[in-house]
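Below: the structure, in structure tokens.
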Amino acid sequence: MIVASPSSLYADLDIEAELDAPLATHTWYGVGGRADLLLRPRSVSALGTLARRCHRDGIPLRVLGSGANLLVDDEGVDGVVVRLDQPAFTGVDFNADGQLERMRVHGGASMERLVQECARRGLRGLEQMAGIPASLGGAVRMNAGGKFGAIGDAIDAVAVIGPDGELRVYPRAELHFGYRETNVPVGVIAWASLRVQEDDPIACRERVKEIFAYKKSTQPMSANSAGCMFRNPMMPGGARESAGKLIDLAGLKGARVGGAFVSQEHGNFLAFDSVARQPSGRTDDMRRLVELVQERVQASFGVELETEVVFWRRGGRA
């Protein structure tokens with residue numbers, strides 16, 4: 001949907017607006033088209049009003065976090081893209097409400113910087129997120145994590161701005177965090193309360209370094225990718241199997257479509273050649289490579305690979 005009169009959505013709100021905004025530079029893949037309308041709210045109230053108006057008018061509203069888990073279609077996206085990079089959405093309130101074991105992290109805050117700052121302060125509880133690029137909101141929405149745990153392990157409460165524009169806080173008792181999924185209600189994650197514990201700062205920093213070193217030794221961290229493309233599937237016997245292992249066994253390492261290829265180092269990393277990462281877009285190459293991998297793994301092992309990476313396109317998400 002193209003916004004016919006975009007200014008009616010935000011003209012009276014404390015929001016920075018950009019029409020026909022390039023998105024490739026905001027994503028780790030560095031490819032893809034433009035957003036019809038990119039908005040940067042400067043307050044929670046402005047974001048709430050915007051969400052309510054978009055819902056009322058049937059306008060798609062997408063949240064752009066760190067761009068580490070996103071592929072934007074070459075033709076761009078319609079509706080409204082929101083970027084929570086203003087101070088109201090990027091802060092961290094350590095010792096929230098005076099409680100040493102709690103901190104409030106706003107939706108646009110960088111998980112990478114948060115992990116490092118917690119280690120510096122001697123706060124234990126987020127080491128499992130070392131080496132995982134994300135904004136807080138994006139990490140919570142997909143329960144991001146890996147071998148050492150997930151963000152859901154530390155969640156105490158989540159605040160969500162719903163489609164009606166109202167801010168609601170959901171305590172841990174009402175939330176479920178599973179493998180790459182949660183039951184956090186639809187809406188924009190404004191902040192989350194995280195549980196931490198005091199510890200020796202040196203020990204915290206060493207643990208973060210240890211986890212990051214493991215990731216660096218097992219994953220192509222320097223590749224032009226967005227991390228793991230696929231979720232680890234559930235096999236017929238009821239156990240999860242490594243998607244990377246299945247891709248390797250299917251003989252797909254090194255497979256290529258245009259500028260997109262399967263990493264030789266880790267089968268679940270689908271990357272772009274450096275020369276292919278141009279704003280003009282090569283997203284279609286990656287989309288076709290994803291389909292090729294899914295078809296081959298399905299034929300070889302009878303399981304369907306689901307993407308972790310989110311695809312944005314006009315009319316919805318692919």
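The values are calculated or read from the model by the stated rules, or taken from the named source; none is laboratory data. Quick caveat, the model's predicted, so the values are computed rather than measured. Methodologically, a virtual Cβ is constructed for each residue, glycine included, from the backbone with ideal geometry; neighbour enumeration extends over all protein chains shown.
Observations on the structure shown:
Quick grid of which residues meet (1) touching a Phe, Trp or Tyr at 6+ places or on another chain (Cβ under 9 Å); (2) within 16 Å of R296 (Cα to Cα); (3) not assigned by TED's automatic domain parsing to the domain that holds E101:
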| residue | (1), (2), (3) |
| --- | --- |
| V188 | no, no, no |
| A192 | no, no, no |
| D200 | no, no, no |
| K209 | no, no, no |
| G238 | no, no, yes |
| G251 | no, yes, yes |
| A260 | yes, no, yes |
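- Test result for D12, among the charged types (D, E, K, R) and either within 30 Å of R288 (Cβ to Cβ) or not in a loop (DSSP other than H, G, I, E, B) (or both): no
- Considered as a group, the residues in segment 104-115 that are touching a strand residue (DSSP E or B) at 6+ places or on another chain (Cβ under 9 Å) and touching a residue at least 24 places away in the same chain (Cβ under 8 Å) include one that is surrounded by the fewest Cβ atoms within 10 Å (Cβ to Cβ), and that residue is S110.
- For segment 187-223, the candidate set comprises residues that are over 18 Å from I151 (Cα atoms) and among the aliphatic types (A, V, I, L, M); within that set, the residue that is surrounded by the most Cβ atoms within 10 Å (Cβ to Cβ) is A223.
- Complete set of residues in segment 245-268 that are closer than 19 Å to Y29 by Cβ, touching a Gly at 6+ places or on another chain (Cβ under 9 Å) and of a type outside the set (A, V, I, L, M): F261, S263, Q264, H266, G267, N268
- For segment 35-53, the criterion of a residue being under 30 Å from V262 (Cα atoms), of a type outside the set (D, E) and touching a residue at least 60 places away in the same chain (Cβ under 8 Å) is satisfied by no position.
- A search for C-beta distances below 9 Å between a residue of segment 185-205 that is on the phi > 0 side of the Ramachandran plot and any residue that is assigned to a helix (DSSP H, G or I), counting only pairs 6+ apart in sequence or on different chains, returns G187/A51.
- Condition check for R34: of a type in the set (K, R), under 30 Å from R195 (Cα atoms) and touching a strand residue (DSSP E or B) at 6+ places or on another chain (Cβ under 8 Å): no
- Only one of A68, A35 that is assigned to a loop (DSSP other than H, G, I, E, B) and closer than 22 Å to V309 by Cα: A68
- The one condition from (1) modelled with pLDDT under 95; (2) out of contact with any helix residue (DSSP H, G or I) (no Cβ under 9 Å at 6 or more places or on another chain); (3) buried (at least 18 other Cβ atoms within 10 Å of the Cβ); (4) not hydrophobic (A, V, I, L, M, F, W, C) that G48 does not meet is (1).
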